[in-house]
Amino acid sequence: MDQLFFDRQDIMTDIAQKMQLIKLIVLDVDGVLTDGTIIYTVDGSESKAFSTQDGFGITMAQQAGLRFGALTGRISKAVERRVKDLKFEFYKSGHLYKVKHLNAMIAEAGLQPQQVLYMGDDIVDLACAPYVGLFVAPANAQPRIQQQAAWVTEASGGNGAVREIVNTVLQAQRKLEEFEQRFLNQSE
């Protein structure tokens, strides 16, 4: 496997084996898909910044057969638009108590917990850890979350953490190079 993603072989071998089973990636939003910053404008609207690299990674992973969900405690039109643009299959917002909604996503997807990866950065996300095959955290996650996550990305939320996870899952499933090549070998 490529050294870029699997430097610590002892820990990463087990994680890579778990990643081979992943079919659904569920993401928290603030602090994972974004850097956690919320900007309120004078007119009261809200804006958020999303990484285009994360977005392209999600698109590439969807073409490789992975499914995506977002589960957030906040209700936001900006997030709703982003998950719609990225064609997320599952989206639940306004829920600080996430386990019930995560389990509903898993059931609706027709999957087993070991086929699901969840990425979160705060205590409301940690409650989901026992219900998925792999719980990971971005570099900006709260210390307790980092301590209990199976893996902490080098990148922070909103700055490539999702792309890092996507690339690593695709690599573990031996699909990364194939789907990168699809974009490199464009004939149009």
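Any read-out appearing in this document is the output of simple, stated calculations on the displayed coordinates, not a laboratory observation. All of these numbers come straight from a predicted model, not from anything done at the bench. When we count neighbours, we look across all protein chains shown, and the Cβ atoms used for this are built from the backbone with ideal geometry, even at glycine.
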Checklist outcome for this item: For Gly36, other-chain or 5+-apart residues with amide H closer than 5 Å (H placed, Pro excluded) are Gly31
Checklist entry - Given the Cα-Cα distance of Lys84 and Arg174 and 0.36 nm per residue of separation, how much length would full extension add, in nm? => result 29.6 nm
Next on the checklist: At 0.36 nm per residue, and after removing the present C-alpha to C-alpha distance, how many nm does the segment from Val99 to Arg74 gain when stretched out fully?
Outcome noted: 7.5 nm
Checklist entry - Points 7 angstrom from Cα along the Cβ direction at Ser47 and Ala107: gap in nanometres? => result 4.1
Checklist entry - Which one of Ile25, Pro143, Gln171 has its Cα pushed farthest toward the positive end of the charge dipole of segment 9-180, where Lys and Arg give +1 and Asp and Glu give -1 at the Cβ? => result Ile25
Checklist entry - From the phi of every residue in segment 58-64, what ³J(HN,Hα) in whole Hz does the Karplus formula 6.51 cos²θ - 1.76 cosθ + 1.60 yield, where θ is phi - 60° and glycine or proline is x? => result 4, 4, 4, 5, 4, 5, 7
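Taking neighbour Cβ counts within 10 Å as the exposure measure, how do Met19, Met119, Met60 sort from fewest upward?
Values: Met19 23, Met119 28, Met60 20.
The fewest-first ordering by Cβ neighbours comes to Met60, Met19, Met119.
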Next on the checklist: Give me a comma-separated list of calculated 3J(HN,Hα) values for segment 125-141, in order, Karplus coefficients 6.51, -1.76, 1.60 applied at θ = phi - 60°, integers in Hz, x for any Gly or Pro.
Outcome noted: 7, 4, 4, 7, 3, x, 9, 9, x, 8, 10, 10, 9, x, 4, 8, 5
Item to check | Selected from Ala49, Leu71, Ala107, residue furthest toward positive end of dipole (segment 1-125; charges at beta carbon) | outcome: Ala107
Checklist entry - When we measure straight from the Cα of Lys48, which lysines land under 25 angstrom away, once same-chain ones fewer than 8 places off are left out? => result Lys77, Lys84, Lys87, Lys92, Lys98
Checklist entry - Suppose every K and R has +1 on its Cβ and every D and E has -1 on its Cβ; what is the size of the dipole of segment 9-180 about the Cα centre, in Debye to the nearest 20? => result 500
Checklist entry - Points 7 angstrom from Cα along the Cβ direction at Phe56 and Gln146: gap in nanometres? => result 2.8
Next on the checklist: Can you compute the helix-only [θ] at 222 nm over the chain? Use -39500 (n - 2.57) per DSSP H run of at least 4 residues, normalise by all residues, nearest 500 deg cm²/dmol.
Outcome noted: -11000 deg cm²/dmol
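Run through the DSSP bridge list for the chain and note the antiparallel percent, rounded to the nearest 5.
Details: 2 of 19 bridges.
Taking every DSSP beta bridge within the chain, about 10 percent pair in antiparallel fashion.
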Next on the checklist: Give me the extension gain from Gln181 to Ile123: residue separation times 0.36 nm, minus the current Cα-Cα distance, reported in nm with one decimal.
Outcome noted: 17.0 nm
Checklist entry - Just Asp14, Asp30, Asp125 to compare: in a GNM of the chain, with alpha carbon springs under 10 Å, which one fluctuates most? => result Asp14
